[in-house]
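Attaching a single structure in structure tokens format; questions to follow.
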Ligand SMILES: Nc1ncnc2c1ncn2[C@@H]1O[C@H](COP(=O)(O)OP(=O)(O)O)[C@@H](O)[C@H]1O
Ligand SMILES: [Mg+2]
């Protein structure tokens with residue numbers, strides 16, 4: 001396209017103006033980037049919410065808060081509403097909830113959230129599941145294995161500017177492996193969310209996808225279990241460890257699958273997402289089959305679940321694809337589904353999740369619908385963890 005003649009001219013004065021405005025913008029971005037941590041804030045909880053999480057009556061909260069052995073919270077506003085921080089809420093849950101704890105000697109349940117396609121809600125599912133598990137009283141570690149660092153971004157960090165190679169899982173794959181770290185505790189960071197720690201990701205993590213294929217040519221190197229081995233010391237420190245993977249069966253994703261007790265695959269009922277999910281299982285079975293034949297590796301999982309996600313209940317094509325998914329994955333499909341919701345869409349723009357919201361500006365029903373769906377997802381996965389990984393009940 002031909003530019004208008006005036007747009008082709010670019011004088012020194014224009015250059016100076018452009019340079020000034022670009023620098024001003026960059027400066028303000030940089031100032032924002034360097035804001036002190038934590039940039040994100042966890043929500044507060046009402047007495048009613050704390051009671052619901054503890055499985056007690058809301059009317060018991062004021063009395064219990066004064067008894068002295070539980071955090072009192074603070075009294076806010078003219079209505080004298082009692083509010084609790086997330087840390088206080090988790091203390092209440094830890095003391096009062098009847099939910100079985102991780103048994104003595106049992107180790108963290110590890111879950112890999114997988115699917116081929118970008119945009120299939122892996123990161124959203126991972127992060128909400130992680131937050132939801134902490135509200136059940138669990139200690140959770142999220143391991144971001146996607147060099148794009150989307151899950152890392154949801155903690156309020158800026159992957160490209162603030163996460164360095166040594167903060168990621170990358171170094172466990174760097175040659176020579178004899179000198180590579182063998183214990184991922186070096187990379188764990190706490191987050192704005194009490195009970196949720198993260199091993200972040202950043203673009204440098206692509207290096208792991210360069211080194212792992214090189215290792216895979218060496219018959220003496222167990223390239224598939226580097227993550228499994230390095231995460232091992234952390235299995236005593238957490239109840240649940242969740243791996244968010246890149247949209248590919250990358251070498252790191254294979255490591256996550258090998259390290260995982262359970263697999264969780266979110267699938268939005270869209271024909272491309274459905275097709276990618278089928279392709280994922282073919283490639284995974286090929287990869288695990290080849291590891292079995294050539295390296296004598298046997299791998300099975302405590303559980304595998306498929307989550308219908310971002311479901312648009314008004315769309316005819318979604319309901320058709322939903323049927324295909326149910327026909328394909330039958331018993332593995334979870335009995336709850338996550339609706340498509342503007343709460344999740346808007347949240348993503350603000351680097352937030354459904355669990356981050358303490359007060360939704362829109363209709364309460366809209367929020368309740370997606371929040372209930374995530375609460376049920378968390379409950380179902382927690383039950384799978386308790387029964388299949390920890391052998392409870
Ligand atoms: N239930 C939902 N309703 C509406 N939008 C959603 C929902 N869940 C996820 N999204 C949006 O879909 C997009 C892709 O999700 P994401 O979790 O980043 O996928 P992935 O990690 O698989 O690439 C994001 O913009 C996210 O905000
Ligand atoms: Mg993602």
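Checking residue 273 against (1) more than 21 Å from residue 124 (Cα to Cα); (2) in contact with a helix residue (DSSP H, G or I) (Cβ under 9 Å, 6 or more places away or on another chain), only one condition comes out false. Which one?
That leaves (1) as the condition not met.
Which pairs do you get when a residue that is assigned to a loop (DSSP other than H, G, I, E, B), found in region 117-134, comes within reach of a residue that is within 8 Å of ligand 2 (Cβ to nearest atom), reach meaning Cβ atoms under 9 angstrom, with the pair 6+ apart or on two chains?
117/247; 118/148; 118/246; 118/247; 119/247; 120/247
Going through region 337-355 one residue at a time, which ones are under 12 Å from residue 124 (Cβ atoms), at pLDDT 75 or above and either more than 16 Å from the chain's Cα centre (by Cα) or in a helix (DSSP H, G or I) (or both)?
340, 341, 343, 354, 355
Still on this structure, please answer the following. Report those helices (runs of 4 or more DSSP H) wholly inside region 237-333 carrying at least 1 residues which are in contact (Cβ under 8 Å) with a residue 40 or more places away in the chain, within 16 Å of ligand 2 (Cβ to nearest atom) and on the phi < 0 side of the Ramachandran plot.
It comes to 251-259, 271-295.
Take the conditions surrounded by 24 or more Cβ atoms within 10 Å (Cβ to Cβ), within 24 Å of residue 225 (Cα to Cα) and within 13 Å of ligand 2 (Cβ to nearest atom) and apply them to residue 126. Does it pass?
So residue 126 passes the test.
Being more than 15 Å from residue 243 (Cβ to Cβ) and within 16 Å of ligand 2 (Cβ to nearest atom) is the filter; apply it to region 159-196 and report the residue that is surrounded by the fewest Cβ atoms within 10 Å (Cβ to Cβ).
Top of the filtered list is 160.
While we're here: Any chance you could count how many residues in region 45-82 are in a strand (DSSP E or B) and over 22 Å from residue 99 (Cβ atoms)?
5
Here's something else I'd like to know. Is it the case, given these coordinates, that residue 86 is away from ligand 1 (no atom under 16 Å from the Cβ) and under 22 Å from residue 344 (Cβ atoms)? Walk me through it before giving the result.
Details: away from ligand 1 (no atom under 16 Å from the Cβ): yes; under 22 Å from residue 344 (Cβ atoms): yes.
Yes.
Just one of 214, 241 is under 28 Å from residue 304 (Cβ atoms), more than 16 Å from ligand 1 (Cβ to nearest atom) and assigned by TED's automatic domain parsing to the domain that holds residue 120; which is it?
241
Let me ask another. Yes or no: region 178-199 includes at least one residue that is without any contact (Cβ under 8 Å) to a residue 60 or more places away in the chain, under 17 Å from the mean Cα position of the chain (by Cα) and within 16 Å of ligand 1 (Cβ to nearest atom).
Yes: region 178-199 contains one or more residues that are without any contact (Cβ under 8 Å) to a residue 60 or more places away in the chain, under 17 Å from the mean Cα position of the chain (by Cα) and within 16 Å of ligand 1 (Cβ to nearest atom).
For residue 353, are the conditions met, namely being within 16 Å of ligand 1 (Cβ to nearest atom) and surrounded by 14 or more Cβ atoms within 10 Å (Cβ to Cβ)? Explain how you work it out, then say what you get.
Values: within 16 Å of ligand 1 (Cβ to nearest atom): yes; surrounded by 14 or more Cβ atoms within 10 Å (Cβ to Cβ): yes.
Taking the combined requirement at face value, the residue satisfies it.
Among 327, 371, which is the only one that is at pLDDT 90 or above and away from ligand 1 (no atom under 12 Å from the Cβ)?
327
Just to be sure before I move on: is residue 286 more than 20 Å from the chain's Cα centre (by Cα), in the same structural domain as residue 374 (by TED's automatic domain parsing) and either crowded, with 22+ Cβ neighbours inside 10 Å or within 30 Å of residue 179 (Cα to Cα) (or both) in the structure I sent? Step through it out loud before you land on a result.
Numbers: more than 20 Å from the chain's Cα centre (by Cα): yes; in the same structural domain as residue 374 (by TED's automatic domain parsing): yes; either crowded, with 22+ Cβ neighbours inside 10 Å or within 30 Å of residue 179 (Cα to Cα) (or both): no.
Answer is no for this residue.
Conditions tested, residue by residue: (1) touching a strand residue (DSSP E or B) at 6+ places or on another chain (Cβ under 6 Å); (2) outside any loop (DSSP other than H, G, I, E, B); (3) at pLDDT below 95.
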residue	(1), (2), (3)
148	no, no, yes
153	no, yes, yes
161	no, yes, yes
166	no, yes, yes
201	yes, no, no
211	no, yes, no
219	no, no, yes
230	no, yes, no
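Filter region 179-199 down to the residues that are assigned to a loop (DSSP other than H, G, I, E, B) and over 30 Å from residue 137 (Cα atoms) and list them by number.
Those that are assigned to a loop (DSSP other than H, G, I, E, B) and over 30 Å from residue 137 (Cα atoms): 180, 181.
Can you tell me how many residues in region 108-119 are near ligand 2 (Cβ under 10 Å from one of its atoms) and either closer than 16 Å to residue 300 by Cα or modelled with pLDDT of 95 or more (or both)?
Total meeting the criteria: 1.
Suppose we keep only residues that are surrounded by 17 or more Cβ atoms within 10 Å (Cβ to Cβ) and part of a loop (DSSP other than H, G, I, E, B) within region 100-116. Which one would you say is nearest to the chain's Cα centre (by Cα)?
Ranking the candidates gives 114 first.
Here is a list: 254, 321. Which entry is more than 16 Å from residue 112 (Cα to Cα), buried (at least 16 other Cβ atoms within 10 Å of the Cβ) and either away from ligand 1 (no atom under 15 Å from the Cβ) or over 21 Å from the mean Cα position of the chain (by Cα) (or both)?
That would be 321, the only listed residue that is more than 16 Å from residue 112 (Cα to Cα), buried (at least 16 other Cβ atoms within 10 Å of the Cβ) and either away from ligand 1 (no atom under 15 Å from the Cβ) or over 21 Å from the mean Cα position of the chain (by Cα) (or both).
The values are calculated or read from the model by the stated rules, or taken from the named source; none is laboratory data. Since we're looking at a predicted model, the values are computed, not measured. Cβ coordinates were reconstructed from backbone atoms using ideal geometry, including for glycine residues, and neighbour counts include every protein chain displayed.
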